[in-house]
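The values are calculated or read from the model by the stated rules, or taken from the named source; none is laboratory data. Model, not experiment: these values are computed from the prediction. For neighbour counting, all protein chains shown are included, and Cβ atoms are generated from backbone atoms with ideal geometry for every residue, glycine included.
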Amino acid sequence: MENITIGADIGGSHITAAIIDLEKKEEINHTWKRARLDSNGTAESIIETWADTLDSCCKGYDKELLKVNIAMPGPMDYKNGISKIKAQGKYASLYNLNIKNLLAGRLGIPASSVNFMNDAACFLKGEVFSGSLRGYDQAIGLTLGTGLGTSYFVNGKVRDAGLWCMPFLDGIAEDYISTRWFIRRFEELSGIRVKDVKDLVDHHKLSPYFKELFTEFSRNLANFLYKFIRKKMPLGAVLGGNIANAEAYFIEDTRSNLAQIMGYSFPVEISKLGEKAALLGAGSNTGVKS
């Protein structure tokens with residue numbers, strides 16, 4: 001079973017998992033499983049949902065012979081499998097617990113078979129592995145969602161860049177490049193509070209502030225990308241996360257703004273793999289560092 005592994009992606013409200021074929025660089029048919037969960041639930045209920053999903057995806061396989069590679073948001077002690085997430089509205093019950101040992105125990109496999117990795121790094125690894133940046137040897141990735149994930153790939157290895165808290169405008173980068181920025185800024189402009197970017201696109205496209213909002217976001221994103229590019233000197237960038245689903249309203253302006261700043265066009269791609277990127281990146285975890 002050297003050429004297959006279990007890849008999983010844990011988000012704030014779900015877990016997805018599949019058996020990954022490392023030679024074909026894709027998930028094996030009929031092994032894809034997804035489950036919703038309450039990330040504010042007890043540690044026992046969270047671990048149980050994770051384990052049930054992983055068990056379900058590898059029916060017919062001997063899971064004791066497979067590595068379980070999991071993309072997980074931080075902060076976390078990834079090497080030892082200890083969650084450090086607190087005061088983020090999710091997984092508070094896991095704080096300071098060794099979730100690596102707890103999950104391995106529930107699955108009946110050695111703790112050494114379970115590996116946790118930064119989700120932003122796994123997203124980029126997936127896109128370089130078999131997605132929008134396949135073949136690139138120097139790249140950066142951004143996951144645009146509830147928070148801002150940043151990662152970079154060089155010399156065959158991918159790492160979390162941790163630039164969400166980089167000083168930016170009147171705050172930090174995540175203040176301007178995240179779902180919460182859209183919610184706050186649209187309410188400032190219109191007096192209307194939306195749930196998220198999907199809600200904004202689905203119900204407020206006719207608002208006089210809709211285009212203004214995405215124009216401002218495109219400018220902020222281009223400025224952030226420029227700073228990131230200057231730091232890591234990549235050959236291309238890829239964007240993922242829920243906000244990337246609204247690419248039609250910001251990607252061309254972002255590319256244009258970035259080209260004006262840099263003086264030439266720079267490849268900025270939208271994730272080709274979508275939700276599967278982090279899962280495939282976790283599965284192909286060779287070289288992933290958190």
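Could you count how many residues in region 12-52 are surrounded by fewer than 21 Cβ atoms within 10 Å (Cβ to Cβ), under 17 Å from the mean Cα position of the chain (by Cα) and closer than 15 Å to ALA277 by Cβ?
2
Across region 53-107, which residue is surrounded by the most Cβ atoms within 10 Å (Cβ to Cβ) among those that are of a type in the set (Lys, Arg) and outside any loop (DSSP other than H, G, I, E, B)? Quick ask: steps written out before the conclusion?
Going residue by residue through region 53-107, those that are of a type in the set (Lys, Arg) are 59, 63, 67, 79, 84, 86, 90, 100, 106.
Keeping just the survivors that are outside any loop (DSSP other than H, G, I, E, B) gives 63, 100, 106.
Numbers: LYS63: 19, LYS100: 24, ARG106: 16.
Ranking the candidates gives LYS100 first.
Filter region 132-142 for residues that are outside any loop (DSSP other than H, G, I, E, B) and among the aliphatic types (A, V, I, L, M) and give the result.
Across region 132-142, the qualifying residues are ALA139, ILE140, LEU142.
Just for helices (runs of 4 or more DSSP H) wholly inside region 203-290: which have at least 1 residues that are free of Cβ contacts under 8 Å to residues at least 24 places away in the same chain?
Once the helices (runs of 4 or more DSSP H) in region 203-290 are filtered for at least 1 residues that are free of Cβ contacts under 8 Å to residues at least 24 places away in the same chain, what remains is 210-232, 251-262.
Within the bounds of region 153-162, is there any residue that is surrounded by fewer than 20 Cβ atoms within 10 Å (Cβ to Cβ) and assigned to a helix (DSSP H, G or I)?
no
Looking at SER56, SER83, SER39, which one is small (Gly, Ala, Ser), over 20 Å from VAL128 (Cβ atoms) and in contact (Cβ under 8 Å) with a residue 40 or more places away in the chain?
SER39
Might you let me know whether region 116-131 holds any residue that is assigned to a strand (DSSP E or B) and surrounded by fewer than 19 Cβ atoms within 10 Å (Cβ to Cβ)?
Here is the first cut: in region 116-131, the residues assigned to a strand (DSSP E or B) are 116-118.
From the residues that got through so far, the ones that are surrounded by fewer than 19 Cβ atoms within 10 Å (Cβ to Cβ) too are none.
Looking through region 116-131, none of the residues is assigned to a strand (DSSP E or B) and surrounded by fewer than 19 Cβ atoms within 10 Å (Cβ to Cβ).
(1) at pLDDT 95 or above; (2) surrounded by 15 or more Cβ atoms within 10 Å (Cβ to Cβ); (3) among the charged types (D, E, K, R): which one isn't true of GLU212, the others all being true?
(2)
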